[in-house]
1. Residues in region 38-50: is at least one under 18 Å from the mean Cα position of the chain (by Cα) and in contact (Cβ under 8 Å) with a residue 24 or more places away in the chain?
2. Take I151 and decide whether it is open to solvent by less than 20 Å² (accessible area, probe 1.4 Å) and farther than 30 Å from R5 by Cβ.
3. In the list K106, K67, which residue meets the criterion of being in contact with a Phe, Trp or Tyr (Cβ under 8 Å, 6 or more places away or on another chain), open to solvent by 10 Å² or more (accessible area, probe 1.4 Å), modelled with pLDDT of 95 or more and of a type in the set (D, E, K, R)?
4. Considering only region 111-134, state which residues are touching a Pro at 6+ places or on another chain (Cβ under 8 Å) and modelled with pLDDT of 85 or more.
5. With respect to the numbered conditions (1) surrounded by 17 or more Cβ atoms within 10 Å (Cβ to Cβ); (2) in contact with a Pro (Cβ under 8 Å, 6 or more places away or on another chain); (3) of a type in the set (A, V, I, L, M, F, W, C), which one is the sole condition not fulfilled by F140?
6. Residues that are in contact with a strand residue (DSSP E or B) (Cβ under 8 Å, 6 or more places away or on another chain): find the helices (runs of 4 or more DSSP H) completely inside region 63-159 holding 3 or more of those.
7. Kindly list, by first and then second residue, each pair from a residue in region 229-245 that is in contact (Cβ under 8 Å) with a residue 60 or more places away in the chain and within 18 Å of P218 (Cα to Cα) to a residue that is of a type outside the set (D, E) and part of a helix (DSSP H, G or I), limited to pairs with Cβ atoms under 9 Å and residues at least 6 apart or on different chains.
Amino acid sequence: MKKERVLYYSDLANDDFSKVDFDSKPLPDDFEYIPKNPFRRLVDWLLYYGLASWVARLYTFFAFRQKIVNKGVIKPYKKTGYFIYGNHTRMGGDAFTPGIVTWPDKPYIITNNDSASNPLITFFTKSLGSLPLPSSLKGFKNFSLALKERINEGNPVCIYPEAHIWPFYTKIRPFKEASFHYPVDSNRPVFTFTTTYQKRRLSKKPKTVVYVDGPFFPKEDLRTKENMKYLRDICYDTMVMRSKNSSYEYVKYIYKENIEKNND
């Protein structure tokens, strides 16, 4: 008899099921987001295009039989700089999928500072495009300048607005509009990519179909906060619509409060 995979949650916005427990340290205010050393830049290029991009394709194919739908909507905006927002439901899959969606452009992914938890991890995550969030207000200026430089270079920037990983979750969790000030401030287009799950014939694990949608643009007649809410709402609604294409629940999520009520 198949053992049901169940996870119990209490907070849609803040619970995390990634099972990653790095000994995180505060990110230095002068953290070097963009290497100045030309040799380090060459190493980053070789690691990403010579190794990581191919590992990403092999991993997502064999682990998830992944298929990307509607990727062509991004093509007219290549090299202009844009933002892509996705649902956060896998570990390796979410690290690798943005690069497949934006290929051949290298995406820079905004991450928490766990991605810079020690020198070895920092070396590789930086090479693969990680932009760890700063630990202080002073560090935020450094982070903002690096983000602006990457966008002005014509690179895509990836954001997971749900922030926390819920493995194989088939719905979209609520997220705030805070991260949408980046495309509003830079007046860049926004895209979404929504990972959905379907049954596989020869495996208990699901296959994935990723839907790409957009572009969505800030509106000239709206103020900054209004534009942030507008972009957040249209991205959220689009991702909710696409998430309904999931037809297989590999992990069942149950709200703890419902259990407590039933036990009373």
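The values are calculated or read from the model by the stated rules, or taken from the named source; none is laboratory data. These numbers come from a predicted model, not from an experiment. When we count neighbours, we look across all protein chains shown, and the Cβ atoms used for this are built from the backbone with ideal geometry, even at glycine. Ligands, DNA and RNA are stripped out before the accessible areas are found, and what is left, the full protein with its side chains, is counted by its heavy atoms. Shrake-Rupley method; radii C 1.70, N 1.55, O 1.52, S 1.80 Å.
1. The answer is yes; a qualifying residue exists.
2. Criteria met by I151.
3. Residue meeting the stated conditions: K106.
4. T111, T125, K126, G129
5. Going through (1) surrounded by 17 or more Cβ atoms within 10 Å (Cβ to Cβ); (2) in contact with a Pro (Cβ under 8 Å, 6 or more places away or on another chain); (3) of a type in the set (A, V, I, L, M, F, W, C) one by one, F140 breaks only (1).
6. 92-102, 137-152
7. Taking only residues 6 or more apart or on different chains, the pairs are R232/A178; R232/S179; R232/F180; C235/F180.
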